Structure formats: structure tokens, C-alpha cells
Amino acid sequence: MAKFGAVSRRFLRKPNETMRLIISVTIGALFGYFIGISFPSVSITKLHLPSSRISYVEDKSSGLSTQALLNHAWENVKNKMKKNETKTSVDSKKIYVPTNPRGAESLPPGIIASESDLYLRRLWGNPTEDLPVKPKYLVTFTVGYAQKKNIDAAVKKFSQNFTILLFHYDGITSEWDEFEWSKRAIHVSAKKQTKWWYAKRFLHPDIVAPYDYVFIWDEDLGLEHFDPEEYIRLVRKHGLEISQPGLEPNRGLTWQMTKRLGDREVHKETKEKPGWCSDPHLPPCASFVEIMATVFSRDAWRCVWHMIQNDLVHGWGLDFALRKCVDPAHEKIGVVDSQWIVHQVVPSLGGQGESTNGKAPWQGVRERCRKEWGMFQNRLSDAERNYFASRLYSPPNSTAKGGV
């Protein structure tokens, strides 16, 4: 009877052990599952669980327990986490600043020089001592050597507050060294190009940023009655962002707006021929200056530079669009009457053309000027129409009925 009792107890113990093992395996599986979803980057193949350790269920004498297996798995997880932390630490030492200028995101912001200038510097000494005077204004002339006397007289009007920049369309540069001022001027040479071609390529707003005002002038201007410093004073006084000196009424006058008025310092509007101005605040009656002797503030030039087309070199039509860059344009664009100039109307640029189809060189140049004017107007109107259409309403002054 005792023997039977012992057998029955041994028989009853086995189901209990089996149940205990099943529970242990189930807990281990669940624990492994939760580890897997918590750390998806941990590969199960990297846990390295030998088959001998999995067989502990069948071989109780192996000495392994569920706890030992779980400890081993947890150690692998911790090692993986440590490696990830190390990688993150290394990545955090790399520089990436999305607010930096495009292409410079990998640089520390403190080293970035996003703007430049046209100041000439020495090849020796301390850089901080290079510039005894920092010019505040920039004046550019697009020149040929044939106009050297006129340019010599014009440049001598500008003090050391002005950086002098000559764009040479005839390729002649070193000959200008006969003038003392030429040694402090900057010379850029490219044959048969216009001032707007030069301006688009060499007067980027970030290059001319140190200058309060930028003069972009032709070579055939008489400056006998012009004082640059006084001109700047009047521009500031009257709040002009885009301006030009008044023109002597008897020569080189195309538009009434640019005609010098002898009884005032500045004017910002005029009367033109009947039907020429749809609005008294629009060109050519207001918000208008010509492109022969234009002066831009730093902010206005930043806008105008972006509007200059890369392939349209004569600039025709640009003067009617300058108003897009200041607001209100009829108050910030004007003519300085008390500082006036003479347009000598020297057709030097026309001589840089080539004779085609029996036409004189100047005729081909003039035809291209008119063609560019139409192309620019079409591009501008198309760009404005597309912009407003994308916002589902009609542009200002549109003749369309009921919106887009």
C-alpha cells in the first residue's frame, strides 16, 4: 500500500513539473516578444542562443534556467543599445545647420561670410589695417577708351567715399593708367557687352551689400553741374530709393519725367502726352526714371538685380518695371532737379554691333533693344498672371471679368 502511494505521488508530481515548464516557456516567449517590439533594430539572429540552451526543457540536468536565458537576451539588447548611443554621440558631433546659406549647412555659423565687397586689399600687413577709408557708395561706368576724357572728368567728381568700377566693353584697360584715379579703380573687361550684362554678373546684392547707394551709369554723361555728395543728401532727405539726376532740357530728352525742373530740389511726377499715362501714379508720369543714370539704394538694388533677365542685355523696359521694387513707388522714385546732368547722346554702343543683311551695325543693335523690350514685358506679365492664377484671383488692373 505504501509502495502504491509513492508511485501515485511520483505520478502526480510529473504533471506539475510539466505545467511549470510550460508556464516558464510561455513567459519567456512573451518577454522576448515585448523586447522585439520595443527594440525593432535588434535582430533575433544576433542573440546567439545555442541549441543546447533551448533544449533545457528536455534536459533538466543541464543546469540552465529560464532566468539565465532571459539574462543572456537582455545583455545582448543592452549591448545593442550601447552601440546605438555611441553612434548617436558621434553623429551629434557633425555640423548641420539648415538655416545656413544653401550649400553651407555643414559649416559652423560663426565662420560664414555670406556677403562681400569691392574693397581693394593689400598683400601684406594686418588685414584690419587695409582700409583707412571704407567707401560708402559705388559708382559704375560702362566705358570704351574713346570716351576717356569724358570719364576722366566724371570720375573726378566722386570723392573717396565712392568705389569706382569701370566695365570695359572694348577690352582696353591698362591704357587707363594714365589717370591717377585709375590706380584705385576696379576694371572689369568683357568685349561687346552692356552695363546690364555686367551688372547681373558682377553686382550681386551680396557683393555690393556694404554700399548705401549704387550708381549704374552710362559713359556719355556730362557732370559739370553735379555734386555726388549733395545728391546723396537730397536723396535721403526726400526718401528716394530709386532716382536719377534731372536732365538738361535741350539735349537727350526722351521722357518729360526726367526733364530738370529749375524751381525745386526733387520732383516725383509729371504730365506726359495725352493717353500716355493710365494712372497719374504710374509710368511714365510717376514711379519712373530712365536707365541711363540710375541710382539705387541697397534694398532697392537687391530687388532690381533679381528682376534683371540673364539673357536680355540692353535693359529696355526695365525702367517701367522698377516700381515693382519699392512701395509706394510714386513716393520713392524720383528725379533730383538741383543736381542735374547732360546726356551727350554718344552712340558708342551701337558701333559694337555687326553688320548683317546689309544693315548698319547700329541698326541691328537698335532692333535687338526693341525686341528685348517686348520679351521682357511678356515675361513680366506672364509671371504676374501665373502668380495670381495660382491664388485663384485676377491680377490688379486686369481686364478679366469675375476673377480667374
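The values are calculated or read from the model by the stated rules, or taken from the named source; none is laboratory data. Being a predicted model, the structure only gives us computed values, none of them experimental. Cβ sites come from the backbone with ideal geometry, for glycine too, and all protein chains shown count toward neighbours.
Once the stretch 131-163 is narrowed to residues that are of a type in the set (A, V, I, L, M) and in contact with a helix residue (DSSP H, G or I) (Cβ under 6 Å, 6 or more places away or on another chain), the residue that is nearest to residue 348 (Cα to Cα) is 143.
Within the set 237, 259, the sole residue that is surrounded by fewer than 21 Cβ atoms within 10 Å (Cβ to Cβ), in contact with a Leu (Cβ under 8 Å, 6 or more places away or on another chain) and among the charged types (D, E, K, R) turns out to be 259.
The single residue among 205, 274 that is closer than 27 Å to residue 167 by Cα and of a type outside the set (Ser, Thr, Tyr) turns out to be 205.
Within the option set 391, 366, 385, being surrounded by 15 or more Cβ atoms within 10 Å (Cβ to Cβ) and over 23 Å from residue 191 (Cα atoms) holds for one residue only, 385.
Take the conditions (1) touching a Phe, Trp or Tyr at 6+ places or on another chain (Cβ under 9 Å); (2) within 20 Å of residue 154 (Cα to Cα); (3) of a type in the set (A, V, I, L, M, F, W, C); residue 202 misses just one of them, which is (2).
For residue 396, state whether it is more than 28 Å from residue 202 (Cβ to Cβ), of a type outside the set (D, E, K, R), in contact with an Asp or Glu (Cβ under 9 Å, 6 or more places away or on another chain) and surrounded by fewer than 14 Cβ atoms within 10 Å (Cβ to Cβ). Here the answer is yes, as residue 396 does meet what is asked. If you go through the stretch 176-187 and keep only what is assigned to a helix (DSSP H, G or I) and surrounded by 11 or more Cβ atoms within 10 Å (Cβ to Cβ), you end up with 176, 177, 181, 182, 184. Only one of the listed residues (193, 160) is of a type outside the set (A, V, I, L, M, F, W, C), exposed (fewer than 15 other Cβ atoms within 10 Å of the Cβ) and out of contact with any Cys (no Cβ under 6 Å at 6 or more places or on another chain). That residue is 160. Looking at residue 169, is it buried (at least 18 other Cβ atoms within 10 Å of the Cβ) and more than 27 Å from residue 232 (Cα to Cα)? Against the criterion (buried (at least 18 other Cβ atoms within 10 Å of the Cβ) and more than 27 Å from residue 232 (Cα to Cα)), residue 169 qualifies. Close Cβ contacts (under 7 Å, 6 or more residues apart or on different chains) running from residues in the stretch 107-133 that are on the phi > 0 side of the Ramachandran plot and at pLDDT 95 or above to residues that are in a loop (DSSP other than H, G, I, E, B) and surrounded by 12 or more Cβ atoms within 10 Å (Cβ to Cβ) are absent.
Can you name the residue in the stretch 99-130 that is of a type in the set (A, V, I, L, M) and exposed (fewer than 12 other Cβ atoms within 10 Å of the Cβ) and is also nearest to residue 212 (Cα to Cα) among such residues? Talk me through it step by step, then tell me what you get.
The initial filter retains those residues of the stretch 99-130 that are of a type in the set (A, V, I, L, M), namely 104, 107, 111-113, 118, 120, 123.
Then keep just the ones that are exposed (fewer than 12 other Cβ atoms within 10 Å of the Cβ); that gives 111, 113, 123.
Values: 111: 25, 113: 19, 123: 27 Å.
Ranking the candidates gives 113 first.
Do we find that residue 286 is among the small types (Gly, Ala, Ser) and either modelled with pLDDT under 95 or surrounded by fewer than 20 Cβ atoms within 10 Å (Cβ to Cβ) (or both) in this structure? The answer is no for residue 286.
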